[in-house]
Amino acid sequence: MNINDLALAVEGELTGNNDFFTKEGFTGRFTFLNEAKEGDIVIRHWINGKGIGIAASKKIACLITQNPKDDAVEFAKKLNFPLIVTDKIELANAYALSWTVDTYSPNSKNIVITGTNGKSTTSHLIYHILKNAGFHVLTNTDSESEFNTLIDPMISKLIADEVINNGNLDYLVIEVSEVQGWLGKLMQHHAFLMANALKADVGVITNIAMDHIGLVNSIDEVFDEIKTVPEAIRDACVLNYDDELVRKLKHKNVFYSSMNKLNMNNAVYFNDGIYYKDELIVKKEDLPFISNHFIQNILSAVGACISLDLSIDKIASGVKSYKALNRRFTKLNDKPLIYDDFAHNPDGIKATIAETLKLLKENQKLFVVCSIRGSRGVEINKLNVRALVSSFNPNIELILSSSNDVVDNLNHVNQDERNIFFEVLDKNNIHYTHFYNLEDSLRYTLNKADNKDIILLIGKVRRSEERRVGKECRS
């Protein structure tokens, strides 16, 4: 790799001495400054002179940033240290991923999953099915959905470390956010960049809906971000037939999934069980989920594995043995029945409440504890509270939480975000109780609910914290 070619590839400007890079060499690893070793390349959103000093002392091969602060450039020049400054850090992370796949996993089959809802469950299902079939698989999906972006070199680091430590990979299953940005600026065609860098053989697009307000402000803008993804998919693209916008997407080899019977060979559908070519693959009673929107995720995962030519028997075995990720309609308690779900955008909220209401029996009450989204703006919270209103039922008691006791400063709920919830609920004459702390909201709810009732926890709060608080409250 030539450092000038690297700077050109990421549309950046090189500062410092070219000889530093050539002399020290490049290990092939893109990583973070705190974990970097001699010869690594570091990608950071911002760096100052102190950081440049640390990088130089570690003898890293190069540092790429979007925001050189204070004396960073001057210090790089003084130390003859190679610093590349780019206006699009996502190009650096895409380049890092492409280089890493070529270097560490050139023979793996690669799957990319995107869409507004269901990415993590679908990704983790595909990962489990392949792993259960005996393959060496890596996924970036975890219960907190922390690694599904191109805003840092985490995925590149995960791939390199896995291959170095455990040998060659058979499959990469990579979840990517359908819309991504940094400090309020949209990273255009983020999902396409990821899929293209990954050299994805199979793509899955779950649905197209509103989230990420501010980065995008209409469903058309979300569609524009996702519509290019199929162009990066080599072999097959699994599309949710039930989503009108997803159905508009084009690919040379489309495979559909649907909650209704489809009379076509390139489709998997649900009809009191999972069917492919009109043959039952998995009975309904053997599915790991009971709710429709999660069954759709199973369909997408099955479609992806069929597209990978995995045997139907191995696919069925993987589905039957699957254990859900945390936060995906997870049951936390029996008396009262407590479910926890990641629902944090309008479609997710409506789907999750609808599924929970199906469980409600006569003389039961549903307590919905909703965490307001912090530092995400008024518009997404307006859409979320409207989703609550449209889902409301006389048997629901609504409890709101700002979750001040468990969120960091990047997720703090401001007064405008709270006020929009209050205004919309008041306008629709819906009673609610608000607490600034999550612990207070959970303690209040547990004290009010009878053992026969149901409690539903929704919203984008770190569930490790919610579980800890919930456990303390129950005890």
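The values are calculated or read from the model by the stated rules, or taken from the named source; none is laboratory data. In this text, all values refer to a predicted model and were calculated from it rather than measured experimentally. Virtual Cβ from ideal backbone geometry, glycine too; neighbours counted across all protein chains shown. To get the accessible areas, we keep the full protein, side chains included, count just its heavy atoms, and leave off ligands, DNA and RNA. Shrake-Rupley method; radii C 1.70, N 1.55, O 1.52, S 1.80 Å.
Miscellaneous remarks
- Checking Gln364 against (1) surrounded by fewer than 23 Cβ atoms within 10 Å (Cβ to Cβ); (2) assigned to a strand (DSSP E or B), the condition it does not meet: (2)
- When the stretch 92-135 is filtered for residues that are crowded, with 24+ Cβ neighbours inside 10 Å and assigned to a strand (DSSP E or B), the ones remaining, listed by number, are Ile111, Val112, Ile113, Thr114.
- Pairs where the first residue, in the stretch 57-76, is in contact (Cβ under 8 Å) with a residue 60 or more places away in the chain and part of a helix (DSSP H, G or I) and the second is hydroxyl-bearing (Ser, Thr, Tyr) and open to solvent by 10 Å² or more (accessible area, probe 1.4 Å), C-beta under 9 Å, 6+ apart: Ala76/Thr15
- Failed condition for Gly318, given (1) in contact (Cβ under 8 Å) with a residue 40 or more places away in the chain; (2) open to solvent by 10 Å² or more (accessible area, probe 1.4 Å); (3) in a helix (DSSP H, G or I): (2)
- Phe81 open to solvent by less than 70 Å² (accessible area, probe 1.4 Å) and either more than 31 Å from the chain's Cα centre (by Cα) or at pLDDT 95 or above (or both): yes
- Index of the failed condition, Leu383 passing every other in (1) open to solvent by less than 10 Å² (accessible area, probe 1.4 Å); (2) in contact with a strand residue (DSSP E or B) (Cβ under 9 Å, 6 or more places away or on another chain): (1)
- Residue list for the stretch 1-32, filter: within 30 Å of the chain's Cα centre (by Cα), open to solvent by less than 20 Å² (accessible area, probe 1.4 Å) and modelled with pLDDT of 85 or more: Leu6, Ala7, Val10, Phe30, Thr31
- Conditions (1) open to solvent by less than 40 Å² (accessible area, probe 1.4 Å); (2) within 28 Å of His190 (Cβ to Cβ); (3) within 21 Å of the chain's Cα centre (by Cα); number of the one not met by Ser258: (3)
- Condition check for Asp347: within 18 Å of Phe289 (Cβ to Cβ) and either open to solvent by less than 30 Å² (accessible area, probe 1.4 Å) or hydroxyl-bearing (Ser, Thr, Tyr) (or both): no
- Whichever residue in the stretch 44-56 is over 20 Å from Lys157 (Cβ atoms) and in contact (Cβ under 8 Å) with a residue 24 or more places away in the chain and, among such residues, is most open to solvent (accessible area, probe 1.4 Å): Asn48
- Hey, Ala354 open to solvent by 40 Å² or more (accessible area, probe 1.4 Å) and over 26 Å from Ile233 (Cβ atoms) or not: yes
- Scanning the stretch 99-122 for residues that are of a type in the set (Gly, Ala, Ser) and at pLDDT below 95 turns up Gly115, Gly118, Ser120.
- Looking only at residues of the stretch 412-460 that are polar (S, T, N, Q) and surrounded by 14 or more Cβ atoms within 10 Å (Cβ to Cβ), we find that the one that is farthest from Gly377 (Cα to Cα) is Thr445.
- Residue satisfying all of: in the stretch 280-315; in contact (Cβ under 8 Å) with a residue 24 or more places away in the chain and among the charged types (D, E, K, R); surrounded by the most Cβ atoms within 10 Å (Cβ to Cβ) among these: Lys314
- Pair list, Cβ under 6 Å, 6 or more apart: the stretch 136-161 residue small (Gly, Ala, Ser), other residue surrounded by fewer than 22 Cβ atoms within 10 Å (Cβ to Cβ) and modelled with pLDDT under 75: Ser143/Leu325; Ser143/Asn326
- From the options Ile290, Ile295, residue that is of a type in the set (Val, Ile, Thr), farther than 23 Å from Gly134 by Cα and part of a loop (DSSP other than H, G, I, E, B): Ile290
- Within the option set Ala343, Ala324, being modelled with pLDDT under 90, under 25 Å from Val238 (Cβ atoms), in contact with a Pro (Cβ under 9 Å, 6 or more places away or on another chain) and part of a loop (DSSP other than H, G, I, E, B) holds for one residue only, Ala324.
- Conditions (1) open to solvent by 80 Å² or more (accessible area, probe 1.4 Å); (2) over 15 Å from His124 (Cβ atoms); number of the one not met by Lys323: (2)
- A single entry from Ile274, Ile290 fulfils the requirement of being touching a helix residue (DSSP H, G or I) at 6+ places or on another chain (Cβ under 8 Å), farther than 16 Å from Cys237 by Cβ and at pLDDT 95 or above: Ile274.
- Against the test of being at pLDDT 90 or above, under 20 Å from Thr352 (Cα atoms) and out of contact with any Ser or Thr (no Cβ under 7 Å at 6 or more places or on another chain), the options Ile430, Ile420, Ile455, Ile399 yield a single qualifying residue, Ile430.
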